[in-house]
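Below: the structure, in structure tokens.
The values are calculated or read from the model by the stated rules, or taken from the named source; none is laboratory data. Fair warning: this is a prediction, and the values are worked out from it, not measured in the lab. Neighbour counts run over all protein chains shown; Cβ positions are idealised from the backbone, glycine included. These accessible areas exclude ligands, DNA and RNA; they are computed on the full protein's heavy atoms, side chains included. Shrake-Rupley method; radii C 1.70, N 1.55, O 1.52, S 1.80 Å.
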Amino acid sequence: MQQSAGGAPSLDDDSVLEDFAAHLTSQRGLSDHTVRAYLSDVAQLSTFAQESGAEGLAGVDLATLRGWLAQMAGRSLSRSTVARRGAAVRSFYAWAERTGRVGTDPSVRLGSPKVARSLPTVLAVTGAATLMETARELAVDGSPADLRAWACVELLYATGARVGELVSLDLQDVDLDARSLRVIGKGDRERVVPFGVPAADALRSWLEDGRPTLAGGSGATAVFLGQRGQRWGQRQIREAVHRLAALAAVDDVAPHDLRHSAATHLLHGGSDLRTVQEVLGHSTLSTTQRYTHVSAERLRSSYQLAHPRA
């Protein structure tokens with residue numbers, strides 16, 4: 001166990017970090033990637049605190065934390081990175097206070113730079129329809145690659161799934177009769193997402209006519225397979241979506257833009273925020289609410305273009 005000169009546990013004490021990691025994973029349900037990032041942030045704070053003369057967890061005060069963030073700002077790190085590190089430290093000290101590792105939380109009044117949120121790229125409903133129809137027409141020849149691409153774009157748009165969630169799908173996660181997918185999202189949170197008839201048609205064609213050709217009796221369980229019969233990768237899906245967008249002559253989109261489009265179109269169609277939150281797998285409603293801003297901004301743009309006294 002690493003300790004400060006005064007005998008108090010250090011920020012980078014192995015047992016402290018292990019307990020914090022367990023809390024982030026089991027109680028907060030954060031992804032492995034986020035947990036690793038938070039632990040790295042705390043370790044970097046530990047180095048700064050020790051160089052500043054702070055002793056142990058309790059030796060870090062608000063001035064130390066502000067100095068640490070100011071140092072990062074001086075190194076020209078992005079606002080989003082500085083904000084993320086501030087969030088990591090606030091989470092760490094809130095947990096440390098709750099578990100009795102420190103008497104008071106020095107991060108309570110710690111501010112972070114506000115991160116400007118740009119509106120996500122969203123296809124118009126007609127653009128999305130054109131993209132799906134282009135994918136369907138290309139798949140008429142029965143090529144496994146084209147059938148796979150068709151099924152992918154239909155499912156991305158129909159379910160709002162993340163590209164990582166799509167490539168992780170196994171055959172047992174698909175219920176064609178109920179037209180639903182069992183998706184494992186961030187923090188290993190499971191959700192069941194419905195999809196419509198067009199996506200079901202595309203997926204059925206891929207599973208019956210395209211996938212068996214690539215599986216080759218290998219016993220692979222992944223829904224989407226590459227040319228060698230292995231699980232298809234995220235990079236390949238992105239390439240396929242960009243290619244289809246170019247062929248369809250619509251705005252260039254990535255798989256995540258189809259997720260944005262699905263959410264925005266659901267709200268335009270009258271769906272409530274809670275339903276969209278469940279479909280997308282957001283842990284908080286505030287994340288879903290950004291799509292109300294997207295809808296409002298699109299409405300404002302249309303109004304300004306169309307109204308004679310806008």
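If you go through the range 174-189 and keep only what is among the hydroxyl-bearing types (Ser, Thr, Tyr) and either part of a helix (DSSP H, G or I) or at pLDDT below 90 (or both), you end up with nothing.
Could you tell me whether Ala222 is among the small types (Gly, Ala, Ser), within 26 Å of the chain's Cα centre (by Cα), open to solvent by 30 Å² or more (accessible area, probe 1.4 Å) and at pLDDT 90 or above?
Against the criterion (among the small types (Gly, Ala, Ser), within 26 Å of the chain's Cα centre (by Cα), open to solvent by 30 Å² or more (accessible area, probe 1.4 Å) and at pLDDT 90 or above), Ala222 does not qualify.
In this structure, Thr134 does not satisfy being within 23 Å of His265 (Cβ to Cβ), of a type in the set (Ser, Thr, Tyr) and open to solvent by 60 Å² or more (accessible area, probe 1.4 Å). Residues considered: Ala49, Ala63. Of these, the only one that is in the same structural domain as Gly86 (by the TED database), assigned to a helix (DSSP H, G or I) and surrounded by fewer than 20 Cβ atoms within 10 Å (Cβ to Cβ) is Ala63.
Matching residues to (1) closer than 29 Å to Ala246 by Cβ; (2) in contact with a strand residue (DSSP E or B) (Cβ under 9 Å, 6 or more places away or on another chain); (3) assigned to a helix (DSSP H, G or I); (4) assigned by the TED database to the domain that holds Gly229:
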residue	(1), (2), (3), (4)
Ser107	no, no, no, no
Gly111	no, no, no, no
Arg136	yes, no, yes, yes
Ala139	yes, no, yes, yes
Glu154	yes, no, yes, yes
Leu166	yes, yes, yes, yes
Gln172	no, yes, yes, yes
Arg191	no, yes, no, yes
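Restricting attention to the range 268-308, the residues that are modelled with pLDDT of 75 or more and surrounded by 19 or more Cβ atoms within 10 Å (Cβ to Cβ) add up to 5. Looking across the range 106-160 at every residue that is under 30 Å from Arg90 (Cβ atoms) and of a type in the set (Lys, Arg), the one that is modelled with the highest pLDDT is identified as Arg109. May I ask you to list pairs of residues, at least six apart or on different chains, whose Cβ atoms are under 6 Å apart, with the first in the range 206-220 being small (Gly, Ala, Ser) and the second being open to solvent by 70 Å² or more (accessible area, probe 1.4 Å)? That search, which allows pairs on different chains as well, returns nothing. Based on this model, can you work out whether Arg211 counts as surrounded by fewer than 16 Cβ atoms within 10 Å (Cβ to Cβ) and either assigned to a strand (DSSP E or B) or at negative phi (or both)? In short, no. Just one of (1) hydrophobic (A, V, I, L, M, F, W, C); (2) surrounded by fewer than 18 Cβ atoms within 10 Å (Cβ to Cβ); (3) modelled with pLDDT of 80 or more; (4) in contact with a helix residue (DSSP H, G or I) (Cβ under 7 Å, 6 or more places away or on another chain) fails for Met1. It is (3).
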